[in-house]
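Have a look at the structure below before the remarks.
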Number of protein chains: 2
Amino acid sequence: MRYTSAAIESLIEEFAKLPGIGRKTAQRLAMHILHQHTDEVEKFASALIDVKQKVIHCRVCQNVTDIGADPCAICCAKGRDRSVICVVETPSDVLAFEKTGQYRGLYHVLHGVISPLDGIGPDDIGVKELLSRLSPDDGPRVSELIMALNPTVEGETTVLYISKLLKPLGVQVTKIARGIPVGAELEFVDEATLSRALEGRSAL
Amino acid sequence: MRYTSAAIESLIEEFAKLPGIGRKTAQRLAMHILHQHTDEVEKFASALIDVKQKVIHCRVCQNVTDIGADPCAICCAKGRDRSVICVVETPSDVLAFEKTGQYRGLYHVLHGVISPLDGIGPDDIGVKELLSRLSPDDGPRVSELIMALNPTVEGETTVLYISKLLKPLGVQVTKIARGIPVGAELEFVDEATLSRALEGRSAL
């Protein structure tokens, strides 16, 4: 059953294409849009277009940035430790690390992980761009590469691949600790995490 | 903490303005948009604009319709019983009734209910337009008005107001039954609904 307006139906279909939004929620969102002021809706529409027209990958770290702000704000920032690079999978991961307020080094965004099943090889995830950053003509030499990929099979494969590739270059490659999340109870932590936590134990 | 792209941040803010969508979901949606093809995103953006530019209220029933399709598809449809009008609050309510496949009469959408606290009076909800439909110069006379408003204080007030207004006109005004939903268990039905169900009992 459809609304008596084709324009509303089109908008519902567009909303329903978004992840996690079903037909019912899409209807509610479309009705909300219908009741907004025209200039508000135009702002929304141009924000959509802008994101496709203005967003590029930073030429240094491959993180998202705007045209005219390349290299990105983090790569240009003063006071950051340029000898450490944290390798992550997505721009959202950069955000997660920035939220900690602990990390002051640079980043490198792979935009994916090696996944032979999906036909994604090392060339598809910007490993070449990462390598070129490790021996810069100017600026300080990179001393440590922190691998912060998701603990999936593909993530671990990528960590292994990159660490083997970098061994001859003399760059120290580390990976972030797997263990018990802060606030979790031992009783409810799964076996895999618990054995990783045991392996990664540290002296007091 | 923000993304390193102002365009992405703007889009996240726009998504987060939608009802039921928080900052985290908005981030996920913005990232999804970033990975879509440009023409897909342009289709979404123009669907947003279209809904504001093309959607109008049907001059007969006040339901939503497109410019160039006024009166709306339901008002124009042949084979509908033009002597019965179902009065509802929103276009979504029309959709709900159409889904039943039972009702073959016409509709009238009030786009609101009388709510003195919010400063909404009879003039704001198109009661005048409803009255003008009851004594048409051409076509059959309306014999029944089915009030199908939400069972809130404001809804009941509106039902009462309209029924008193129409008494002199000799139009029969009915309201849809309040009672136990199909599939519900008596044990868990609230008292108000149960006493309404008792009041509205019918002979077998």
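The values are calculated or read from the model by the stated rules, or taken from the named source; none is laboratory data. As the structure is a prediction and not an experimental result, all values here were calculated from the model. Every residue, glycine as well, gets a Cβ built from its backbone with ideal geometry; the counts of neighbours run over all protein chains shown. The area values use the complete protein model at the heavy-atom level, side chains included, leaving out ligands, DNA and RNA. Shrake-Rupley method; radii C 1.70, N 1.55, O 1.52, S 1.80 Å.
Full extension of the chain between A:GLU191 and A:GLU156 gives 10.8 nm of extra length, using 0.36 nm per residue less the Cα-Cα distance.
Count Lys and Arg as plus one, Asp and Glu as minus one, and take only other residues whose Cβ is under 11 Å from that of B:TYR103; the net charge is then +1. Short to long, the 10 Å bins of the Cα pair-distance histogram for region B:60-173 hold 13, 48, 33, 6, 0 percent of all pairs. Chain A has one residue whose beta-carbon comes closest to the axis relating it to chain B; that residue and its distance in whole Å are A:ALA45, 2. Counting Cβ atoms of other protein chains within 10 Å of each Cβ in A:13-21 and taking the mean gives 5.
With a cut-off of 19 Å, note down the residues of region B:59-94 whose backbone N falls inside the zone around a label point 7 Å from the Cα of B:ARG141 toward its beta carbon. So the set is B:81-86. Region A:106-160 and region B:1-61 have Cα centres separated by 32 Å. Averaging the sequence gap over all C-alpha pairs within less than 8 Å and six or more residues apart, then dividing by the number of residues, gives region B:60-173 a relative contact order of 27 percent. Between identical copies, the spacing of B:GLY200 label points, each set 7 Å from Cα toward the C-beta atom, reads 5.9 nm from nearest to farthest. The mean count of C-beta atoms from other chains within 10 Å of the C-beta of residues in B:49-59, rounded to a whole number, is 6. A label point on A:ILE67, set 7 Å along the Cα-to-Cβ line, lies at 3.0 nm from each of its counterparts in the other copies, closest listed first. Sorted from closest to farthest, the other copies place their A:ARG104 label points 7.9 nm away, with each point set 7 Å from Cα along Cα→Cβ. Between the helical axis of A:91-100 and the longest alpha-carbon principal axis of chain A there is an angle of about 70 degrees.
Working from label points 7 Å from Cα in the Cα-to-Cβ sense, the B:ASP118 to B:HIS32 distance is 2.9 nm.
Positive contributions from Lys and Arg (+1) and negative ones from Asp and Glu (-1), summed over other residues with Cβ under 11 Å from the Cβ of B:HIS37, come out at -1.
The angle between the Cα long axis of helix A:23-34 and the longest principal axis of the Cα atoms of chain A comes to about 70 degrees, rounded to the nearest 10. To the nearest ten degrees, helix B:38-54 and the longest principal axis of the Cα atoms of chain B are 40 degrees apart. Rounded to the nearest Hz, the phi-derived 3J(HN,Hα) couplings of region A:182-194 under the Karplus curve 6.51 cos²θ - 1.76 cosθ + 1.60 (θ = phi - 60°) are 4, x, 7, 9, 3, 3, 9, 7, 5, 4, 4, 5, 5, where x marks glycine and proline. Descending by average beta-carbon neighbour count within 10 Å, the peptides A:184-196, B:104-116 line up as B:104-116, A:184-196, the highest first.
The phi torsions of region B:153-168, fed into the Karplus equation with coefficients 6.51, -1.76 and 1.60 and a -60° offset, translate into couplings of 4, 5, x, 5, 4, 5, 4, 4, 4, 5, 5, 5, 5, 8, 3, x Hz, rounded to whole numbers, with Gly and Pro shown as x. Averaging the sequence gap over all C-alpha pairs within less than 8 Å and six or more residues apart, then dividing by the number of residues, gives chain A a relative contact order of 13 percent.
Proximity of backbone amide H atoms, modeled 1.01 Å from N, is registered between A:VAL87 and A:HIS108, A:ILE146, A:MET147, A:ALA148 at under 5 Å, excluding neighbours fewer than 5 places apart on the same chain. Among residues other than A:ASN63 with Cβ under 14 Å from its Cβ, the summed charge is -3 (Lys and Arg +1, Asp and Glu -1).
How big a patch of accessible area, both sides summed and in Å² to the nearest 100, lies buried between B and A at a 1.4 Å probe? For B against A, buried area totals roughly 4800 Å². Here the accessible area of region B:7-126 is 53 percent carbon and sulfur, with a 1.4 angstrom probe and all protein chains present. If the label point is 7 Å along Cα→Cβ of B:GLU98, which residues in region A:2-26 have backbone nitrogen under 17 Å from it? Residues passing the 17 Å test: A:2-14, A:23-26.
Cross-link pairs exceeding 24 Å between alpha carbons, from the set A:LYS99/B:LYS17; A:LYS128/A:LYS175; A:LYS99/A:LYS167; A:LYS78/A:LYS167; B:LYS128/B:LYS167; A:LYS24/B:LYS175: A:LYS99/A:LYS167; A:LYS78/A:LYS167; A:LYS24/B:LYS175.
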